[in-house]
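The values are calculated or read from the model by the stated rules, or taken from the named source; none is laboratory data. Nothing here was measured: the structure is a model prediction, and the numbers come from that model. Reconstructed Cβ throughout: ideal geometry from the backbone, glycine too, with neighbour counts over all protein chains shown.
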Amino acid sequence: MPRILVVDGMGGRIGQEIVQRLRGAFGESIEVLAIGTNSTATSAMLKAGANRGATGENAVRVTAGEADVLVGPLSVLIPDSMMGEVTPGLAEALALSAARKVMLPLTNPRLDLVGTTKDPLPHLLEEAIAVVASILRREA
């Protein structure tokens, strides 16, 4: 069973939406692991239907190696983003994970991305779920 790791911080709204959409697209055919940079984010993702959840840097270090696909906002790969919630160790563990990364181009204000669209979040989430589906089809 494929394992999808969803990572989010702050209030966990984006992670919650990702989990809901993953469940809508794949039901129980995948295992959703939720890691929050804080307990509020973790709780939101668990309520949305994640199978398991944990909080913080060590949880990422342990769980990142279990995942086939990592999904979340790009800022979880940037040390000190999300008002300091993303520790350098957390960002490094995610970046070094062998999991395929499907990142939403939502970043802190001092980083500009080129070659991406400024689509509304619901459109970006649709695209992210489609990419996850494509990855899972190739690995099957």
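Listed by first and then second residue, the pairs with beta-carbon distance under 6 Å, at least 6 apart or on different chains, first residue in the stretch 1-27 and buried (at least 24 other Cβ atoms within 10 Å of the Cβ), second of a type in the set (Ser, Thr, Tyr), are GLY9/THR37; GLY12/THR40.
The set of residues in the stretch 36-50 being assigned to a loop (DSSP other than H, G, I, E, B), touching a helix residue (DSSP H, G or I) at 6+ places or on another chain (Cβ under 9 Å) and closer than 18 Å to THR63 by Cα consists of THR37, GLY49, ALA50. Pull up the stretch 70-113, narrow it to residues that are part of a helix (DSSP H, G or I), under 14 Å from the mean Cα position of the chain (by Cα) and in contact (Cβ under 8 Å) with a residue 24 or more places away in the chain, then point me to the one that is surrounded by the most Cβ atoms within 10 Å (Cβ to Cβ). Out of the qualifying residues, it is VAL76.
If I filter the stretch 35-52 for residues that are touching a Pro at 6+ places or on another chain (Cβ under 6 Å) and β-branched (Val, Ile, Thr), do I get at least one hit?
no
Being of a type in the set (S, T, N, Q), modelled with pLDDT of 90 or more and out of contact with any Ser or Thr (no Cβ under 8 Å at 6 or more places or on another chain) is a condition met by at least one residue of the stretch 91-111.
Against the list (1) assigned to a helix (DSSP H, G or I); (2) among the β-branched types (Val, Ile, Thr); (3) free of Cβ contacts under 8 Å to residues at least 24 places away in the same chain, the condition ILE135 fails is (3).
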